[in-house]
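Following: one structure in structure tokens, then a few remarks.
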Amino acid sequence: MSDPRAGLLEALAALVPADAREAGDRVRIGDFVRRHRDPFDRAIVAGHLTGSALIIAEGLDRVLLLHHKRLERWLQPGGHADPGEARGEAVALREAREETGLEGLVLHPTAPRPFDVDVHEIPARGAEAAHLHLDLRYLVLAPGEASLVRAVEESNDLRWFAWDALPGLDLDPGLTRAYAKAARLVGV
């Protein structure tokens, strides 16, 4: 069986960073993947890969965000791999389904995979030490007319936003960058 890290390293090498921060994060993630046989493993004390979905409505006019319960801010759906998962795309799509209730989510057909990368610190909580999430972000399309079902244990709110509402949400710089890239790709 082939090592799934090889495909990820190839995809990371092909990713064109939008800014210096993303370029640095791409290097950090590549180094991390080379050092860890299972880079998605949550037992890695320093951090682990995560997968997230930048969800855009089928009509390309809205984006879906959740208000994260623990971090108390608007974020894209996404999170940790389940044991045995080794592909960021699979993690992102599964997490997005679980956190939004949306079925029929698909990767954007022309977007790079991953579409964006971001390394950020997760604060300590309880017995869990502060650690890094090395996030692989994928551009995802949601089917029209699908009903949202918020995962109450994960988020306080789940809502569609028009593109022009995003600046008022105080999104972190990496997420602002990712949505700016998405807007350019879909022609908004």
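The values are calculated or read from the model by the stated rules, or taken from the named source; none is laboratory data. Predicted model only: the values in this text are computed from it and were never measured. With ideal geometry, Cβ positions are generated from the backbone for all residues, glycine too; neighbour counts draw on all protein chains shown.
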*Taking segment 129-188 only, how many residues are in a loop (DSSP other than H, G, I, E, B), β-branched (Val, Ile, Thr) and either surrounded by 12 or more Cβ atoms within 10 Å (Cβ to Cβ) or modelled with pLDDT of 95 or more (or both)?*
2
*State whether the residues of segment 16-38 include one that is among the β-branched types (Val, Ile, Thr) and under 18 Å from residue 84 (Cα atoms).*
yes
*Positions within segment 1-29 being among the small types (Gly, Ala, Ser), under 26 Å from residue 180 (Cβ atoms) and not in a helix (DSSP H, G or I), in sequence order*: 18
*Could you figure out which of (1) over 23 Å from residue 77 (Cα atoms); (2) in contact with a strand residue (DSSP E or B) (Cβ under 6 Å, 6 or more places away or on another chain) isn't true of residue 40?*
(1)
*asked:* Between 71, 60, which is at positive phi and assigned to a loop (DSSP other than H, G, I, E, B)?
replied: 60
*Residue identified as of a type in the set (D, E, K, R), touching a residue at least 24 places away in the same chain (Cβ under 8 Å) and either part of a strand (DSSP E or B) or surrounded by 16 or more Cβ atoms within 10 Å (Cβ to Cβ) (or both) among 103, 99*: 99
_Residues (within 30 Å of residue 27 (Cβ to Cβ) and small (Gly, Ala, Ser)) located in segment 124-157_ = 124, 129, 130
_One residue from 71, 60 being touching a residue at least 60 places away in the same chain (Cβ under 8 Å) and not polar (S, T, N, Q)_ = 60
*asked:* Every residue in segment 67-104 that is in contact with a helix residue (DSSP H, G or I) (Cβ under 6 Å, 6 or more places away or on another chain) and under 25 Å from residue 167 (Cα atoms), please.
replied: 74, 77, 78, 79
*Working carefully through the options 26, 70, 35, 42, find the one that is of a type in the set (Lys, Arg), more than 13 Å from the chain's Cα centre (by Cα) and crowded, with 18+ Cβ neighbours inside 10 Å.*
26
_Single match in 62, 70 (criterion: of a type in the set (D, E, K, R), under 19 Å from residue 179 (Cβ atoms) and out of contact with any Leu (no Cβ under 6 Å at 6 or more places or on another chain))_ = 62
*So residue 79 fits all but one of (1) on the phi < 0 side of the Ramachandran plot; (2) surrounded by 14 or more Cβ atoms within 10 Å (Cβ to Cβ); (3) under 17 Å from the mean Cα position of the chain (by Cα); what number is the exception?*
(1)
